[in-house]
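The values are calculated or read from the model by the stated rules, or taken from the named source; none is laboratory data. For clarity, every value in this text was computed on a predicted model and none was experimentally measured. A quick note on method: Cβ atoms are made from the backbone with ideal geometry, for glycine too, and the neighbour counts reach across all protein chains shown. Just so you know, the surface numbers come from the protein's heavy atoms only, side chains and all, with ligands and any DNA or RNA stripped out. Shrake-Rupley method; radii C 1.70, N 1.55, O 1.52, S 1.80 Å.
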Amino acid sequence: MRLAVQAVLAALFLYSLVSLPGFGVRWGWSAGGFALLLGWAGAAAAGVWAFARRPRWPSLVGMTLVLAALRCGSAAIADGRISPGDPHAYVDLARNLLLHGDLGIYDSGLGTYFHAFYPPLYPLLLGGWGAVLGFSTASVLVFGTVIDGAAAMLIALLGRRLGDGAAGCRAAWLYLVWPSVIFSAPLAQKEGLCALLVLALAHAWLRAGSGWRAAAAVGVPAGLLALTQPGQAPLAALLGLVLWRHIGLARMARRGLAAVPFACLVMVPWWLRNWLAFGAFVPLTSAGGVSLWVGNNPQATGNWMPPPPQLHGLPERVLGPRMSAIAVAWIKSEPLGFIRLTATKLVRACGVGIFGVVRLEAMTPTIPRPLAALLWPVSHLGHAALLALAAWRTGSRTVPTALVLLVVACGLQLVLFGMWFEFGERHREFVTPFLLLLLCWRPAPAVGKPAPTP
């Protein structure tokens with residue numbers, strides 16, 4: 001199993017290296033970009049080094065200043081620009097909720113008012129936050145930082161639960177300064193919340209005990225994850241299935257079955273709301289057919305693209321099935337093309353790290369090309385280094401099997417449920433915390449020398 005994980009990560013690393021010339025042609029090569037990469041790597045490494053033992057106050061102050069500089073710098077770039085897709089839509093959803101009491105949005109590109117296209121949890125949280133602090137770039141930045149900080153805390157606790165508290169602290173620090181996380185911080189993106197809920201599920205499956213509390217610890221975040229990113233909902237079960245030897249088969253089955261009612265209770269209000277809106281049962285989202293088409297058509301790349309113009313203005317409940325039928329017809333007519341496209345989406349989404357720059361480029365107004373040349377090396381090469389170092393550390397016997405199994409569960413989620421639909425880099429962001437833990441796991445301490453724990 002370890003060899004398989006190593007082989008996959010190593011293959012993705014090689015793909016990331018092969019991709020370098022294409023990105024150089026697209027945005028250009030910049031000495032400043034590589035200087036920024038070295039500066040970021042030095043700051044990240046200094047934080048990792050500080051957690052070799054309990055960090056002192058000067059180190060904590062310096063790390064806080066680095067974190068603030070990175071996040072404020074990302075906010076300064078994004079401020080005054082309108083991002084297409086989810087970041088803009090989620091702010092509009094939150095505003096509509098506050099102004100009209102309706103969690104819906106009109107999409108001018110599709111010519112349709114959507115009642116249940118977007119899952120509700122993230123816009124509900126954003127709406128509650130915005131009701132007090134507004135929706136400025138600074139407010140959204142703080143909101144994203146709170147979510148990322150909670151995820152970092154769970155990463156640190158997961159490291160301690162698995163046997164290396166210092167590795168957890170190092171991975172938590174790296175997560176807070178990781179390029180993809182930094183690029184998303186000032187935007188209304190739900191990927192940070194997804195990572196937080198997946199980490200909560202990992203903790204819930206690894207915790208000891210039984211009874212209704214253990215079942216609720218699995219079922220509640222499972223329901224919340226389904227209301228945040230429905231396509232990732234199966235991960236709640238996959239985590240338990242791959243950890244069955246660690247948990248015990250009987251305990252895993254009991255906990256999983258007992259968790260189902262708690263997950264349903266979390267989702268019941270959304271089911272009732274959708275029944276009132278449509279007069280029909282819409283469990284999570286109406287976007288399934290649209291997502292299938294976005295990921296499966298002759299021009300598909302895995303990222304969002306506008307639908308065929310002849311479908312403009314169709315009602316929400318008609319649009320999804322119509323686009324799904326078009327996608328299925330294409331798959332049947334081009335089975336080899338479908339297989340090639342699906343494999344390409346998986347490798348591209350997992351092997352490169354340039355989505356943050358692509359999103360900035362797609363904003364209105366767009367960023368200038370020299371700025372893109374400055375930013376893409378730290379984004380892509382940071383991800384490439386993560387793949388390489390995580391592959392190397394996976395082979396170490398000091399890395400607990402449970403951590404490797406968590407990575408396996410994430411990979412199964414991508415292969416079994418993710419890559420068939422709209423599937424870009426942001427859809428694999430929930431894997432990053434576990435890869436960072438792999439990266440930070442240290443060798444066994446020398447005999448007779450206790451390992452320091454922050």
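Long hydrophobic helices in the chain: the complete DSSP H runs spanning 30 Å or more by Cα along their own axis with mean Kyte-Doolittle hydropathy of at least 0.5 are 57-78, 137-162, 249-278, 369-394. Taking Cβ atoms as reference points and 13 Å as the exclusive limit, the residues near Ile354 contribute a net charge of +2, counting Lys and Arg as +1 and Asp and Glu as -1. Hydrodynamic analysis of segment 80-183 uses the Kirkwood radius over alpha carbon pairs. Inserted into Stokes-Einstein at 20 °C and 1.002 mPa s, it gives a translational diffusion coefficient of 138 µm²/s. Both radii come from the Cα set of segment 151-277: Rg as radius of gyration, Rh as Kirkwood radius; their ratio Rg/Rh reads 1.01. Pairwise Cα distances in segment 234-370 exceed 21 Å for 65 percent of all pairs. The Cα atoms of segment 262-305 cover 39, 24, 11 Å along the three principal axes, with the biggest extent listed first. For Ala89, neighbours were defined as the other residues whose beta-carbon sits under 12 Å from its Cβ, and their charges (Lys and Arg +1, Asp and Glu -1) total -1. Think of it as helices only: each DSSP H run of n ≥ 4 in the chain is worth -39500 (n - 2.57), and spread over all residues that comes to -22500 deg cm²/dmol at 222 nm.
Taking a Cβ cut-off of under 12 Å around Asn274, the surrounding Lys, Arg, Asp and Glu residues balance to a net charge of +1, with basic ones at +1 and acidic ones at -1.
Relative protection proxy for 269-277, 347-355, from highest mean packing down: 347-355, 269-277 (other beta-carbon atoms within 10 angstrom).
In segment 51-113 the Cα-Cα distances spread across 10 Å bins starting at 0 as 17, 28, 21, 18, 13, 3 percent of all pairs. Heavy-atom surface analysis with a 1.4 Å probe gives the chain a carbon and sulfur content of 71 percent of its accessible area.
A DSSP coil position with no more than 16 other Cβ atoms inside 10 Å describes the following trypsin sites (Lys or Arg not before Pro) in segment 173-221: Arg207. On the principal axes of its alpha-carbon atoms, segment 317-386 has extents of 43, 30, 18 Å, going from largest to smallest. If only the Cβ of Lys and Arg carry +1 and only the Cβ of Asp and Glu carry -1, the dipole of the chain around its Cα centre is close to 1520 debye. Using the alpha carbons alone, the radius of gyration of the chain stands to its Kirkwood radius in an Rg to Rh ratio of 0.95. For segment 223-308, dividing the convex hull volume of the Cα atoms by the residue count gives 126 Å³ per residue.
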